[in-house]
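Some notes on the structure that comes next.
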Amino acid sequence: MLGVCDVRHTRLVAAVAVSVSLVLGGGSAAAVDLEPVGPREAAEQRTESHPRLVQAPEPPPRSQVPQDRYAMAGGCYTLQDPNGDWVVAADGGGYTVSPEAGDATGFHFQATELGRYLLFDPAEAFVSRSGGVEAADLPSPDAEWTVDLTDDGFVIGEPGAFLTVSGGSVGVGEATPFDLRLTDGCAPWDEIELNVDGPVFAGTSALQEVRGYLDDHIHHMAYGFLGGNIHCGRPWHPYGVKFALVDCDDHLTTQGQLALPEIVLSNKLSHDPIGWPTFADWPAWDSLTHEGTYFRWVERAWRGGQRLWVNLLVENSTLCAAYPGPNKTCTDLDSIRTQAQQTRDFANYVDAQSGGPGLGWYRVVTTPAEARAVINEGKLAVVLGTESSTLFGCRTILDSPASECTEEAVEAGLDELSELGVRQMVPTHKFDNAFSGVKGDEGTFGVVTNLGNFLHNGTFLDMRACADGAPADNAQLNPDALPEPSLAKLVGELFGVVGEVNPLPVALPLYGPAPHCNSRGLTDMGRFMLAEMVERNIIYDVDHMSAKGRSEALDEFEQLGYSGVISSHSWSDPEAIPRIFSLGGMVNSYAGDSTGFVDEWHGHVDDMDPDYYFGMGYGADTNGLGLQGAPRGAEAEDPVEYPFTALFGVEVDQQRSGERVYDVNVDGVAHYGLYPDWIEDLRRLAGDDIDADLVRGPEAYLQMWERAEGIGNDACRQPELRRQADSFDAITPGTSAQAVLEGFGQPHLRRDDTYRYCALDGDDDATVTVRFAGTEVASVVTGGDLVDGQDGPGQGDDRGDNAGRPGAVFGIDGRPIADGSAADIATDRTPDRATDPVPDAGGPPLALLLGGLVLFALGVAALVRRGRTGQA
């Protein structure tokens with residue numbers, strides 16, 4: 001196999017050959033039968049066999065009597081006291097007891113957290129302990145009951161406020177142990193529907209290669225972002241959808257009229273503020289102030305194949321401080337701490353709905369091995385990351401790091417983030433900081449963020465004419481070049497306000513013609529930060545950096561030979577992408593509209609490096625003030641047809657949220673639950689190849705992460721790394737799988753309970769197979785062919801050691817495999833589709849950007865009123 005330099009040379013020769021043939025032969029490009037190396041190598045990787053899948057264990061049917069304090073979640077139960085009497089909902093709103101089983105009331109046990117419940121009666125009232133025990137119309141802390149299992153039965157409540165039966169009445173006091181019995185007749189609990197039918201699939205071992213979809217850039221816990229005064233709704237609420245998906249107070253007060261953030265960010269002068277059950281105007285693909293990741297929507301995406309997330313904990317202290325609102329914390333690190341805890345709280349909430357600790361489908365992970373095991377259980381592995389402009393106080397003051405931004409502060413901050421579980425970081429976001437210059441925003445919104453840069457640092461972006469051939473940053477508008485005189489006047493007034501906020505001399509930023517390049521690159525503190533991140537094996541996201549800063553950072557990574565580099569959502573320049581791939585890093589695209597994503601996918605396939613495992617993910621940027629995928633329209637060619645068969649063979653129908661039914665063709669990606677539909681739209685546009693690359697995305701990320709932790713690359717893909725087969729004799733039974741990776745690098749194949757390596761026997765090629773029992777080595781065998789089809793060990797042979805796994809053996813597309821062979825991905829799921837690149841759909845409307853300027857003006861004015869001095 002060619003090395004990196006050989007591949008680059010081959011590409012150059014191919015390009016020269018095409019040019020010569022065109023010049024001398026007078027032909028057209030279409031007449032030349034020569035493909036770029038990237039697409040050919042990507043196609044070859046798509047032919048590699050897929051890991052076997054088995055049906056994950058389904059939850060057992062509810063028993064008549066709950067076996068522990070978690071098992072009653074979502075169930076309907078009667079309560080019987082030690083005297084044999086049954087709790088009954090009485091007329092008039094109270095509760096009593098009856099000796100007749102036929103009188104017993106069934107209560108729906110709705111989990112608010114692990115082991116804690118709302119008791120919801122058939123009249124849709126809540127058992128509440130306010131003023132004794134009575135029926136309440138709304139849930140409240142008084143209606144939440146902790147349940148514990150004792151030797152005598154279940155006790156409900158807290159010390160001094162247990163549910164008790166005394167003298168034939170129900171009240172609070174000393175605990176009465178109850179027997180719970182499964183029944184029916186409970187009132188239905190309102191909830192979002194999944195509309196996905198089919199089992200969950202898992203791997204055959206914790207060690208094997210994974211399949212599914214990767215989102216490497218999402219803001220799941222951003223509902224407190226910018227002080228919590230802009231984002232409306234939240235991903236979950238202990239009391240359910242009616243409380244989680246509620247519009248902001250200021251939107252409700254005005255009935256959706258003149259809701260400033262929605263006007264500014266979503267270009268909507270008015271909207272229906274009602275969420276559940278109508279959802280008339282939100283969530284929507286272009287409504288940036290409303291929650292998009294409610295837990296049932298995320299569950300739908302997981303059921304549709306989502307298996308790996310990077311949840312970025314996000315804050316912008318400058319914009320947070322600028323936007324008016326009480327009771328908020330704007331420090332980046334404080335927000336990150338809060339959001340990290342909220343992510344784990346959400347995981348516990350999912351566990352509570354799923355029957356107990358560890359049983360939920362949402363798992364926070366901190367190592368690639370842990371993520372691999374979680375995905376092979378059929379669950380969603382969630383990696384924590386950060387995206388922030390002012391981490392550790394590292395802004396700049398007149399191009400020098402702020403006094404609080406010291407090497408000691410960076411080390412301590414990174415240690416804390418590592419302890420929190422952070423494994424991926426965007427060190428530079430919207431503004432220049434003490435680590436690097438920023439790429440900047442373009443157009444009118446760029447004027448707004450440039451003002452923010454001044455508030456943040458005391459300087460505007462130093463955008464200059466680019467040197468010949470240098471990659472450009474986003475072009476900046478001059479105030480006198482703005483499209484409307486009134487807007488230009490407003491900008492001038494804003495600059496005056498900024499001058500009042502910060503008494504430093506202010507010169508209007510006047511830029512020459514585009515292309516523009518930020519003169520600020522990677523700083524000395526940025527190099528220190530980079531080295532410390534590498535020391536801690538943290539994945540470095542180079543998006544949002546200036547082209548100069550990104551290039552200088554890649555210089556550092558190339559010297560270090562560090563693979564833990566990612567471009568997560570289309571904020572890198574084209575020149576950087578091949579360099580990231582050549583490091584063994586990963587490049588993914590902003591999800592956005594399906595047509596634009598397909599176009600970027602074609603480019604990444606061209607740039608992929610065949611020395612490394614290739615797969616691709618997407619960065620949805622949901623809840624990050626980023627537009628989601630726009631609809632192609634009901635009249636678009638080859639629209640998504642419902643129901644359709646998605647990954648793992650599940651059937652996906654139109655998603656129903658209360659009274660609203662969504663159609664990706666006309667609604668776009670209105671919420672996160674529509675990403676399976678969006679992926680189906682990709683397949684309609686680009687065929688099965690794009691799906692094949694996407695389902696390899698989680699594995700590509702995990703292998704990149706392993707290399708960031710010091711694991712060597714696959715020697716089959718990079719032959720210079722091959723070692724003598726007899727060196728594997730050092731692997732003894734009982735050695736951990738992690739130790740094998742650390743000692744011998746990444747295997748070419750991870751099938752069932754085996755690793756398969758390329759090695760050497762003298763000068764001849766050889767193969768070594770390491771077999772595991774659980775996660776420890778059982779045996780090492782040298783010899784045999786490294787087969788990537790149906791015949792080799794670990795390629796789908798149905799051995800007895802997997803016989804205990806539930807269900808049959810399945811292929812990626814969810815079809816049973818009678819002979820145990822690997823199944824082709826996405827085969828026969830839908831008709832053939834076009835594969836031509838599709839042009840990008842373009843950017844946001846001007847009105848949206850102009851609105852941003854208005855919002856920022858109000859924020860700056862608020863700063864002036866508060867007598868701020870420019871401190872962020």
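The values are calculated or read from the model by the stated rules, or taken from the named source; none is laboratory data. Here the structure is a predicted model, which means the values were calculated and not measured. Glycine also receives a Cβ, built like all others from the backbone with ideal geometry; neighbour counts cover every protein chain displayed.
A few notes on this one:
- Filtering L384, L391, L380 for residues that are without any contact (Cβ under 8 Å) to a residue 60 or more places away in the chain and either surrounded by 22 or more Cβ atoms within 10 Å (Cβ to Cβ) or under 16 Å from the mean Cα position of the chain (by Cα) (or both) leaves a single hit, L391.
- Test: residue in the stretch 687-699 that is in a loop (DSSP other than H, G, I, E, B), more than 23 Å from W282 (Cβ to Cβ) and in contact (Cβ under 8 Å) with a residue 12 or more places away in the chain: yes
- Remark: pairs (first residue in the stretch 151-167, assigned by TED's automatic domain parsing to the domain that holds L119; second residue among the hydroxyl-bearing types (S, T, Y); Cβ separation under 6 Å; 6+ apart in sequence or on different chains) = E158/T146; T164/T176; V165/T176.
- Pairs linking a residue in the stretch 395-424 that is in contact (Cβ under 8 Å) with a residue 60 or more places away in the chain to a residue that is surrounded by fewer than 17 Cβ atoms within 10 Å (Cβ to Cβ) and hydrophobic (A, V, I, L, M, F, W, C), with Cβ atoms under 7 Å and 6 or more positions apart or on different chains, are E407/F528; V410/F528.
- Failed criterion for E416 (all others in (1) out of contact with any Ser or Thr (no Cβ under 9 Å at 6 or more places or on another chain); (2) buried (at least 22 other Cβ atoms within 10 Å of the Cβ); (3) modelled with pLDDT of 95 or more hold): (2)
- Considering the stretch 663-675, and only residues there that are surrounded by fewer than 24 Cβ atoms within 10 Å (Cβ to Cβ) and not hydrophobic (A, V, I, L, M, F, W, C), the residue that is farthest from A280 (Cα to Cα) turns out to be N665.
- The lone exception for G440 - which of (1) under 30 Å from G74 (Cα atoms); (2) in a loop (DSSP other than H, G, I, E, B) it fails: (1)
- Residues of the stretch 372-400 satisfying the condition of being within 13 Å of Q306 (Cα to Cα) and hydrophobic (A, V, I, L, M, F, W, C): V374, I375, L380, A381, V382
- Residues of the stretch 180-195 satisfying the condition of being surrounded by 17 or more Cβ atoms within 10 Å (Cβ to Cβ) and either touching a Gly at 6+ places or on another chain (Cβ under 6 Å) or basic (K, R) (or both): R181, C186
- Scanning the stretch 453-496 for residues that are surrounded by 15 or more Cβ atoms within 10 Å (Cβ to Cβ) and either more than 38 Å from the chain's Cα centre (by Cα) or modelled with pLDDT under 60 (or both) returns L482, L487, A488, L490, V491, L494, F495.
- Matching residues in the stretch 343-363 - criterion: being within 15 Å of the chain's Cα centre (by Cα) and either crowded, with 19+ Cβ neighbours inside 10 Å or not assigned by TED's automatic domain parsing to the domain that holds S418 (or both): T343, F346, A347, W361, Y362, R363
- Every test in (1) touching a helix residue (DSSP H, G or I) at 6+ places or on another chain (Cβ under 9 Å); (2) more than 27 Å from R696 (Cβ to Cβ) is passed by G355 save one, and that test is (1).
- Residue count, the stretch 108-137 (criterion: over 36 Å from the mean Cα position of the chain (by Cα), under 15 Å from C76 (Cβ atoms) and surrounded by 21 or more Cβ atoms within 10 Å (Cβ to Cβ)): 1
- All positions within the stretch 729-767 that are assigned to a strand (DSSP E or B) and within 36 Å of the chain's Cα centre (by Cα): S736, L749, R750, R751, T754, Y755, R756, Y757, C758
- Some residue of the stretch 281-288 being closer than 25 Å to T112 by Cβ and at pLDDT 90 or above: yes
- Spans of helices (runs of 4 or more DSSP H) in the stretch 574-670 with at least 1 residues charged (D, E, K, R) and closer than 23 Å to W302 by Cβ: 664-667
Residues checked against (1) farther than 30 Å from M533 by Cβ; (2) modelled with pLDDT of 95 or more; (3) hydrophobic (A, V, I, L, M, F, W, C):
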site	(1), (2), (3)
S727	yes, yes, no
G734	yes, yes, no
A766	yes, yes, yes
D785	yes, no, no
G789	yes, no, no
G792	yes, no, no
G796	yes, no, no
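- Taking the stretch 245-280 as the range and being of a type in the set (D, E) and either modelled with pLDDT under 65 or surrounded by 20 or more Cβ atoms within 10 Å (Cβ to Cβ) (or both) as the test, the residues that pass are D247, E262.
- Residue within the stretch 45-68 that is within 30 Å of A759 (Cα to Cα), surrounded by 12 or more Cβ atoms within 10 Å (Cβ to Cβ) and at pLDDT below 50 present: no
- Scanning the stretch 521-563 for residues that are in a loop (DSSP other than H, G, I, E, B) and touching a Lys or Arg at 6+ places or on another chain (Cβ under 7 Å) gives G521, I538, V542, H544, S546, S563.
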